[in-house]
Amino acid sequence: MSQESELTNEQNGDQPAEPVVTSEAQALRDQLAKAQAQAAEYLDSWRRATADLSNARKRMQREAEEYRATAAVRVLEKLLPVSDDVNRAFENLPPDQVARDWVNGFRMIQHKLDQLLESEGVAVIPTAGQVFDPALHYAVTHEEADGYTEGQIIGEVARGFTLGERVLRPSMVRVAK
């Protein structure tokens, strides 16, 4: 009879009757809604996990770069006293030894060491005729000196070095009073 009533309703131009929602169909709709909500939750969790992984990779890369830079600075700081010692040896070289082959060999070593420091971005802090700057210089003494204005550097006791904007070691200087 229900088929006959649907046919007569359709023949009369009436809209078909709303299908009756059974409890089984409602249960399936509820399951579908729960599954869609769970899928959305899983998708959100996946997106968060992907973003967390990406951030962790970036942080690890940044930390590795900082570690390499710190390690390079430590090595360069250890090379500076060696460079100082080599320069001091040449400053105190007896005049009768200047033309010896072994001295020329050590000059080549000094030149290579200076080139290595320069290639890594290490620069000597200028002091000659400069005004004392506490960010770049360390005052060993303050002395009266003719021909110099107050605060002007008289002489350099030990060279200072920078690596980019970072001071590896300040220049040790004598400053005019």
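Within the range 110-123, the set of residues being surrounded by 15 or more Cβ atoms within 10 Å (Cβ to Cβ) and touching a strand residue (DSSP E or B) at 6+ places or on another chain (Cβ under 6 Å) comprises Val122 only.
Those residues that are hydrophobic (A, V, I, L, M, F, W, C) and under 21 Å from Arg169 (Cβ atoms), I need them from the range 80-108; list them, please.
Looking only at the range 80-108, we keep the residues that are hydrophobic (A, V, I, L, M, F, W, C), and these are 80, 82, 86, 89-90, 93, 98-99, 102-103, 106, 108.
Residues satisfying the conditions are Leu80, Val82, Val86, Ala89, Phe90.
Within the option set Val20, Val86, being modelled with pLDDT under 95 and surrounded by fewer than 10 Cβ atoms within 10 Å (Cβ to Cβ) holds for one residue only, Val20.
The values are calculated or read from the model by the stated rules, or taken from the named source; none is laboratory data. Remember, predicted model here, so these are calculated numbers, not experimental data. Please note: Cβ atoms are built from the backbone with ideal geometry, for glycine as well, and neighbour counts cover all protein chains shown.
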